[in-house]
Amino acid sequence: MKSYSFVMLIVVYLCIIDAADNVSLAHYDQPLHASTCTATKQPHINALHKVSKRGIAYTPYTDDSQCKASTTIISDIALIKTKGFSTIRVYSLDCDILRIIGRAARAKGLKMIIGISIVSTNIEELDKQVADLVAWSEWDLVSLVVVGNEAIFKGLVNAALLAFFISACRQGLQRTGYSGPVTIAEPVNIWQSNGDLLCDAVDIIGANMHCFFNPSIDASRCGQFVSDQIKILKNVCGNKRVINLETGWPTHGHNNGNAIPGIPEQQKAIKSLFAEGFHEDTILFSFANELWKDPGPFEVEQSWGCMDVF
């Protein structure tokens, strides 16, 4: 039966890839409907716990894109605990983070949201990460698995293929004892465009909600903006539970209309988030400034570190 299930997954994957080859990446946000291939709906997990009282996004890289020393990572995790956070979101399995962060998180009583990165349509890359995660298997530390980070938004995959990837990852993890939720991280507009393919594929709705990129929103209104975004998402997926996997405010860069980067503005934005009651199922972005990134739109991508607020 297991062999049959695996063969069926491969057939679905190949069919989706064949359809995806005919879809221009310029239109990646349009739902892909494969007439003869549909992903099997997975049973959803009923008993889901709140992710945390306060979560933080973390990447283990130096300013020149190298892996941080293990001692530095361990020190970072200790600081995260000291600042009152209880969950760490990581985006990939780079830099031996399962061993290093896993050990440090256990020592400090922290939980992990673990990301499986998507860089292409190659399922072998996904299989390798799932295999590494299965070999580690410290599931009591894991509150959530996130398959990809804005993979549709970046044009790496379409919604049908991402739904297949979610199913493949879930099956691989559940066979070895993981019973927690699996989701993705996409902006709200991607969910709106592809809810018919994505809603049934995930256990909870995972979204990155950045107030700054809406030019009509100033820092003091960030909390209300996120609240409105969550209402939209619940309408898309039938009132399914939502987790905000990235939210914050940059301290440097160029203005985006009413959205002005700055340290006081970051403090206002985070204060407004907490004023709206976002203490649970919210991951603040991010632990530190990330100079290894490209500056990006408005030259703000490197400047979201928020630990000084706490």
* To do: Answer yes if at least one residue in segment 102-116 is over 20 Å from the mean Cα position of the chain (by Cα), crowded, with 17+ Cβ neighbours inside 10 Å, of a type in the set (A, V, I, L, M) and more than 25 Å from Lys293 (Cα to Cα), and no otherwise.
  => yes
* Inside segment 56-73, can you point out the residues that are within 23 Å of Thr282 (Cα to Cα) and assigned to a helix (DSSP H, G or I)? -> Ile73
* Structure fact -> Pairs returned, first residue in segment 121-149 that is free of Cβ contacts under 8 Å to residues at least 60 places away in the same chain, second residue that is of a type in the set (A, V, I, L, M, F, W, C) and surrounded by fewer than 18 Cβ atoms within 10 Å (Cβ to Cβ), beta-carbon separation under 8 angstrom, 6 or more apart or interchain, are Glu125/Val119
* To do: Scan Asn208, Asn256, Asn244 and give me the residue that is under 23 Å from Ser143 (Cα atoms), in contact (Cβ under 8 Å) with a residue 24 or more places away in the chain, surrounded by 15 or more Cβ atoms within 10 Å (Cβ to Cβ) and in contact with a Pro (Cβ under 7 Å, 6 or more places away or on another chain).
  => Asn208
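A quick yes/no check of all residues on (1) out of contact with any His (no Cβ under 7 Å at 6 or more places or on another chain); (2) of a type in the set (Val, Ile, Thr); (3) outside any strand (DSSP E or B); (4) under 24 Å from Pro181 (Cβ atoms):
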position: Leu79; (1), (2), (3), (4): yes, no, yes, no
position: Gly102; (1), (2), (3), (4): yes, no, yes, yes
position: Ile114; (1), (2), (3), (4): yes, yes, no, yes
position: Ala135; (1), (2), (3), (4): yes, no, yes, yes
* Segments classed as strands (runs of 3 or more DSSP E), wholly inside segment 186-294, with at least 3 members that are within 19 Å of Cys306 (Cα to Cα) and under 17 Å from the mean Cα position of the chain (by Cα) -> 242-247, 282-284
* Give me a count of the residues in segment 259-307 that are surrounded by fewer than 19 Cβ atoms within 10 Å (Cβ to Cβ) and modelled with pLDDT under 95. => 7
* Asked: Does any residue in segment 164-185 that is closer than 10 Å to Val202 by Cβ and in contact (Cβ under 8 Å) with a residue 24 or more places away in the chain come within less than 7 Å, Cβ to Cβ, of a residue that is part of a helix (DSSP H, G or I) and among the charged types (D, E, K, R) six or more places away or on a different chain, and which pairs are these?
  -> Val182/Arg170
* Asked: Any idea how many residues of segment 85-101 are surrounded by fewer than 16 Cβ atoms within 10 Å (Cβ to Cβ) and under 28 Å from Glu186 (Cβ atoms)?
  -> 2
* Going through segment 138-155 one residue at a time, which ones are more than 15 Å from the chain's Cα centre (by Cα) and not in a helix (DSSP H, G or I)? -> Glu138, Gly155
* Structure fact -> Of those in segment 166-185 that are hydroxyl-bearing (Ser, Thr, Tyr) and outside any helix (DSSP H, G or I), the residue surrounded by the fewest Cβ atoms within 10 Å (Cβ to Cβ) is Ser179
* **Counted residues, segment 75-111 - those being free of Cβ contacts under 8 Å to residues at least 40 places away in the same chain, farther than 17 Å from Trp136 by Cβ and β-branched (Val, Ile, Thr)** => 1
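The values are calculated or read from the model by the stated rules, or taken from the named source; none is laboratory data. Since this is a predicted model, take the numbers as computed values, not measurements. So basically every Cβ, Gly included, is an ideal-geometry build from the backbone, and we count neighbours across all protein chains shown.
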